[in-house]
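Student: My questions will all concern the structure given below.
The values are calculated or read from the model by the stated rules, or taken from the named source; none is laboratory data. This is a predicted model, so every value here is computed, not measured. We place every Cβ from the backbone using ideal geometry, glycine too, and count neighbours over all the protein chains shown.
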Amino acid sequence: METLQALLLVVQVICAIALIGFILIQHGKGADAGAAFGSGASATVFGAAGSGNFLTKTTTALAFVFLLNSLVLAWMAKERSLEARQLNVVEPLLMEQPAEQVDAVPDEIPVDMVESDIPIIPE
């Protein structure tokens, strides 16, 4: 279980670094707005509305893998925490004494045990 968790953690780090790289490489839709008003190189203000290119599709796939991997790692951490909590539960040990060692409980309390030996301090 620990090797699977370590493998998923490595995949998570690689996926995060790749996501950062792919997002920074992409050409944003808002970048064409300046070209539309200035040089006229773009036909629309926010770029073409066609299908996504390779970078967009790769970023979407990496985001999906990152999200799924995050959920699996969180589930594994929760299960590991529950296992550790169950191992730390200490049940009290009941020590049974043989019948001859058990003191008999008196039916009446002796008078000298009722009276207090603690002196009363006047206020």
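Student: Can you tell me which of Val45, Val65, Val13 is surrounded by 13 or more Cβ atoms within 10 Å (Cβ to Cβ), at pLDDT 95 or above and of a type in the set (A, V, I, L, M)? Show your work before the answer.
Tutor: Details: Val45 fails: at pLDDT 95 or above; Val13 fails: surrounded by 13 or more Cβ atoms within 10 Å (Cβ to Cβ).
Selected residue: Val65, the only one of Val45, Val65, Val13 that is surrounded by 13 or more Cβ atoms within 10 Å (Cβ to Cβ), at pLDDT 95 or above and of a type in the set (A, V, I, L, M).
Student: Still on this structure, I have one more. Would you check if there is a residue in the range 26-42 being modelled with pLDDT of 60 or more, in contact with a Ser or Thr (Cβ under 9 Å, 6 or more places away or on another chain), farther than 21 Å from Thr3 by Cα and assigned to a loop (DSSP other than H, G, I, E, B)?
Tutor: yes
Student: Could you give every pair whose Cβ atoms fall below 9 Å, whose first residue belongs to the range 1-12 and is in a helix (DSSP H, G or I), and whose second residue is exposed (fewer than 14 other Cβ atoms within 10 Å of the Cβ) and among the small types (Gly, Ala, Ser), counting only separations of at least 6 or pairs across chains?
Tutor: Close Cβ pairs (under 9 Å, with a partner that is exposed (fewer than 14 other Cβ atoms within 10 Å of the Cβ) and among the small types (Gly, Ala, Ser)) amount to Gln5/Ala77.
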